Amino acid sequence: MDQKGVSLMEPILQGKKLVKRYGRVTALDHCDFELYPGEILAVIGDNGAGKSTLIKAVSGAVIPDEGEVRLEGKQVHFSSPLDAREHGIETVYQQLAMSPALSIADNMFMGRELRKPGFMGKYFFQLDRKEMERIAREKLNDLGLMTIQNINQAVETLSGGQRQGVAVARAAAFGSKVIILDEPTAALGVKESRKVLELIQDVRSRGIPIVLISHNMPHVFEVADRIHIHRLGKRLCVIKPQDHTMNDAVALMTGAKEPDFESAA
Amino acid sequence: MSETSPKPNDYESAATGASATVAEFEHHGGFLTRIQHTLHQNPALVPLIVLVLSVILFAVLIGSNFFSPFALTLILQQVAIVGITAAAQSLVILTAGIDLSVGAIMVFSSVIMGQFTFRYGLPAEISIIIGLAAGTLMGFINGVLVSVMRLPPFIVTLGTWQIFLAANYLYSANETIRAQDIAEQAAALQFFGNSFKIGGAVFTYGVVLMLVLVAVLAYALKQTAWGRHVYAVGDDAEAAELSGVQTKKVLISVYALSGLICALAGWVLIGRIGSVSPTSGQLANIEAITAVVIGGISLFGGRGSIVGSLFGALIVGVFSLGLRMAGTDPQWTYLLIGLLIIGAVAVDQWIRKVSV
Ligand SMILES: Nc1ncnc2c1ncn2[C@@H]1O[C@H](COP(=O)(O)OP(=O)(O)OP(=O)(O)O)[C@@H](O)[C@H]1O
Ligand SMILES: [Mg+2]
């Protein structure tokens, strides 16, 4: 990534002065956010800093009280996650958003089911299970999630890490403009985390920018082009991993250190 | 990935030599575990087994009087209305809701069909369409209150139950339309009371409607996107919304469809009792919920199959007729049905453990 070019480019996804209040809690306090084409942007911050609320606000899961969201420079008003998804933004939410009693294939195609070609699909709305299962299996294999034997297994019979793998595979398979991952490796084992990091870089090399929320500093510093540091409901600053140490990042994030002039938001 | 990934941390490299074979879970031999698993996959199996066993039981106890095409199809006729309202109730319960107004919608719709024909002199066919539309509208109102206003389904339908029932009495002025008048002037209202015979077996059109309806709904739930969404909403509505299901639309469609099916049940009801009476179908609510629960649909939503509800309705029908033919006090029927309900919920809990 050529970081010098960034400031000349228009952000692909942008939040301006976003505000979201839950009763007396201000989860987002006039927060700005920019994601540039082709980059991996990490978002870090303490628990409760408002990271998840931020990505929900730009992905249609939460409607901000104030501020605006722009996609490719144009203001958008997402009314639901489906709405954002139809604009090419695919999100893995922290709580994963899976239906436990339904199968892996059902979950991967939730809200974008494929219908059988021909008469049965057209007039009787019949699902093309074979095709959905084939694609789901293929996507999971891409992610090295071979431990899943049966694509028709109910999601509730998967381990926490396997569920996370399925959620990430789903987003990677369908995201066309932006992919947002809220702590995608939190429940994953060492090998599986590595797979997800590889997948993230893979997706970026396809030209799709990624927002990665994570508490794992080595992972963040390994893959991120820029790091958005979130504190008390807003962006404190954006740093580049090559200019700062992990200790700097943690100190900024926790408030032990104030950002210097040039990187301040 | 073409670029070399910048030095993965050391502890990770230890995993590079790891075996690529997949984690296989041993099926340590539990026969019970396997049963549990099978039932988890096929939720209609338990009620089917209970149904078959109870038919065998009464066949042995009572003999050929019970185990005859005539008696067995009589059971079908007697459960037709319960079976249809249970299908409506199943849809709602699959979304983790409940519809206490099914009986009220059924009766009110049948009264509308009758009164529009006899009070306003409309052709029976038009009145029937109006009655079906009215049932759908009542269900739609439930759906809007549940999904848009976000009120709990139990409370909403407890309220609309009273409202629809009261409206039913007020509108009909407690007046019954006699069977003879209907047969003479508006036979279409009694359409589902017609029957045909195959050998000793007697099938009313109402029974056929019930079977076709259950088949169509089973297909829609299993084979269409809408069906998958119904289950997803019942399973975890928030997750469904986040993964791209339009949960409000799904809920409204389910309650409205439930209303339409109840109105159909109202039409069948006219065929069954011959007359149009605002006081009929008093037990429809509780009977529908009983059938659904015995049929293995989880009251927590998202689990079960609509075919199970049909089996549930049939089980109740088999016990009712069987015990009556055996000459026992009818209270035994209620006692046994009570036991079946508790048993069904216990089995449901046990099956759910498969996932924990
Ligand atoms: N649905 C909600 N209702 C009420 N308060 C909420 C809700 N969602 C978030 N909050 C509050 O908003 C604040 C920010 O929460 P958020 O989940 O965005 O934090 P986060 O940075 O993602 O934390 P974590 O690292 O623990 O995931 C918290 O104080 C939280 O209590
Ligand atoms: Mg969070």
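Filtering B:Gly259, B:Gly266, B:Gly271 for residues that are surrounded by 21 or more Cβ atoms within 10 Å (Cβ to Cβ), over 18 Å from the mean Cα position of the chain (by Cα), away from chain A (no Cβ under 14 Å) and at pLDDT 95 or above leaves a single hit, B:Gly271. Consider the stretch A:23-46 and keep the residues that are touching a residue at least 40 places away in the same chain (Cβ under 8 Å) and assigned to a loop (DSSP other than H, G, I, E, B). The one that is nearest to ligand 2 (Cβ to nearest atom) is A:Asp46.
The set of residues in the stretch A:172-187 that are buried (at least 22 other Cβ atoms within 10 Å of the Cβ) and more than 16 Å from ligand 2 (Cβ to nearest atom) comprises A:Ala172, A:Gly175, A:Val178, A:Ile179.
Residues in the stretch B:189-228 that are within 14 Å of chain A (Cβ to nearest Cβ) and among the β-branched types (Val, Ile, Thr): how many? So the answer is 2. Scanning the stretch A:213-226 for residues that are more than 12 Å from chain B (Cβ to nearest Cβ) and within 16 Å of ligand 2 (Cβ to nearest atom) returns A:Ile213, A:Ser214, A:His215, A:Val220.
So that you can scan it fast, the table gives a plain yes or no per residue for (1) surrounded by 21 or more Cβ atoms within 10 Å (Cβ to Cβ); (2) polar (S, T, N, Q):
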residue	(1), (2)
B:Ser309	yes, yes
B:Ala313	yes, no
B:Ser320	no, yes
B:Thr333	no, yes
B:Ile342	no, no
B:Val345	no, no
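All conditions but one from (1) farther than 18 Å from B:Arg228 by Cβ; (2) out of contact with any Pro (no Cβ under 7 Å at 6 or more places or on another chain); (3) within 16 Å of ligand 1 (Cβ to nearest atom) apply to A:Leu96; the one that does not is (1).
Among the residues making up the stretch A:213-250, those that are of a type in the set (A, V, I, L, M) and either away from ligand 1 (no atom under 16 Å from the Cβ) or closer than 17 Å to A:Ala57 by Cβ (or both) are A:Ile213, A:Val223, A:Ala224, A:Leu232, A:Val238, A:Ile239, A:Met246. Looking at B:Gly135, is it buried (at least 22 other Cβ atoms within 10 Å of the Cβ), in contact (Cβ under 8 Å) with a residue 12 or more places away in the chain and under 30 Å from A:Met120 (Cβ atoms)? When the stated conditions are applied, B:Gly135 passes them.
Looking at A:Glu156, is it surrounded by fewer than 21 Cβ atoms within 10 Å (Cβ to Cβ), of a type outside the set (Gly, Ala, Ser) and either within 24 Å of A:Leu140 (Cα to Cα) or within 16 Å of ligand 1 (Cβ to nearest atom) (or both)? Yes; evaluated as a whole, the condition is true for this residue.
Scan the stretch A:203-226 residue by residue and report those that are of a type in the set (D, E, K, R) and crowded, with 17+ Cβ neighbours inside 10 Å. Outline the logic, then answer.
Here is the first cut: in the stretch A:203-226, the residues of a type in the set (D, E, K, R) are A:204, A:206, A:222, A:225-226.
Matches in the stretch A:203-226: A:Arg204, A:Glu222, A:Asp225, A:Arg226.
Taking the stretch A:49-134 and the strands (runs of 3 or more DSSP E) fully enclosed by it, the elements with 1 or more residues that are closer than 22 Å to B:Asp235 by Cα and facing chain B (nearest Cβ under 9 Å) are at A:89-92. Please determine whether any residue of the stretch A:198-212 is touching a Leu at 6+ places or on another chain (Cβ under 7 Å), within 16 Å of ligand 2 (Cβ to nearest atom) and at pLDDT 90 or above. There is at least one residue in the stretch A:198-212 that is touching a Leu at 6+ places or on another chain (Cβ under 7 Å), within 16 Å of ligand 2 (Cβ to nearest atom) and at pLDDT 90 or above.
Scanning the stretch A:40-83 for residues that are away from ligand 1 (no atom under 16 Å from the Cβ) and under 12 Å from the mean Cα position of the chain (by Cα) turns up just one, A:Ile40. Screening the candidates A:Ala171, A:Ala186 for the property of being more than 10 Å from chain B (Cβ to nearest Cβ), touching a residue at least 12 places away in the same chain (Cβ under 8 Å), among the small types (Gly, Ala, Ser) and within 16 Å of ligand 1 (Cβ to nearest atom) yields one hit, A:Ala186.
Pairing each residue of the stretch A:50-66 that is farther than 20 Å from A:Lys177 by Cα with any residue that is near ligand 2 (Cβ under 8 Å from one of its atoms) and modelled with pLDDT of 95 or more, provided the two are 6+ apart or on different chains, yields C-beta distances under 6 Å for A:Lys51/A:Ile213.
The values are calculated or read from the model by the stated rules, or taken from the named source; none is laboratory data. Everything numeric here is computed off the predicted structure, so don't read it as measured data. Heads up, the Cβs are rebuilt from the backbone with ideal geometry, glycines too, and the neighbour counts pull from every protein chain shown.
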